[in-house]
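Shown next, in structure tokens, is the structure this report addresses.
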Amino acid sequence: QMNKNREALEFYERALAIRTSLLGENHRNTLTIVQNIANRLSELGRFQEARDRLQHVLNALVEQFGEGHPETFVTMQNTALAIDDCGDSAGARAMAERMVEQEMDCYGERHPVTIAGMNALGDILRVAREFDYARTYHEWTLHLSRTLWGEDHEITLNCQGHLGETLLAAHLWEEARE
């Protein structure tokens, strides 16, 4: 897997050079490649480089669309998780909280994007060992998902997985089994 990520990274770097020369550094299609590079870097354990690339993309999107625009939300979520991977739980939490507030303003709490953002915030809180807060977010997203889509929907199952991971991390084995 490591070799495939390295090969993919080389491919994306070549594609980035071409797209940058044709479209410019901050064109949406160029930024998509930068995000792909960040994903490969993260999978290779090069978290600071991934964070830097994602921060560049986020800055460009904020400049183009504004911070509260839907185009920025996924990148904001990925950047918050990358910040967390670098060990900056406080910075990751602040960004994720701001992101969830903006998603709520844009979509409301019952939208899949907002639910994904709340799960990301819960994950960041779990990593920071703030299990009660993380659990609250994950239980709420699971409740919303069950209400909106039912027990067997992909989003509901994803929310259930996030809650299970939090309960396991908090050593709540019996509750995690349920």
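Observations, loosely collected:
- Close contacts from region 166-178, counting a first residue that is aliphatic (A, V, I, L, M) and a second that is surrounded by fewer than 15 Cβ atoms within 10 Å (Cβ to Cβ) and part of a helix (DSSP H, G or I), with Cβ to Cβ under 7 Å and a gap of 6+ residues or different chains, come to LEU167/GLU175; ALA176/LEU168.
- Within region 141-178, the residues that satisfy the criterion of being under 20 Å from PRO112 (Cβ atoms), more than 18 Å from the chain's Cα centre (by Cα) and open to solvent by 30 Å² or more (accessible area, probe 1.4 Å) are HIS143, ARG146, THR147, LEU148, TRP149, GLU151, ASP152, HIS153.
- For region 16-51, residues that are under 17 Å from VAL74 (Cβ atoms), free of Cβ contacts under 8 Å to residues at least 40 places away in the same chain and among the hydroxyl-bearing types (Ser, Thr, Tyr) total 2.
- Looking across region 69-110, the residues that are among the hydrophobic types (A, V, I, L, M, F, W, C), open to solvent by 40 Å² or more (accessible area, probe 1.4 Å) and assigned to a helix (DSSP H, G or I) come down to VAL74, LEU81, ALA90, ALA94, MET104, CYS106.
- Condition met for ARG51 (touching a helix residue (DSSP H, G or I) at 6+ places or on another chain (Cβ under 9 Å), assigned to a helix (DSSP H, G or I), open to solvent by 20 Å² or more (accessible area, probe 1.4 Å) and farther than 25 Å from MET118 by Cβ): no
- Test: HIS171 is outside any helix (DSSP H, G or I) and farther than 30 Å from GLY24 by Cα: yes
The values are calculated or read from the model by the stated rules, or taken from the named source; none is laboratory data. What you see is a predicted model, and the numbers here were worked out from it, not measured in a lab. A quick note on method: Cβ atoms are made from the backbone with ideal geometry, for glycine too, and the neighbour counts reach across all protein chains shown. Remember, those area values only see protein heavy atoms, side chains included, never the ligands or the DNA or RNA. Shrake-Rupley method; radii C 1.70, N 1.55, O 1.52, S 1.80 Å.
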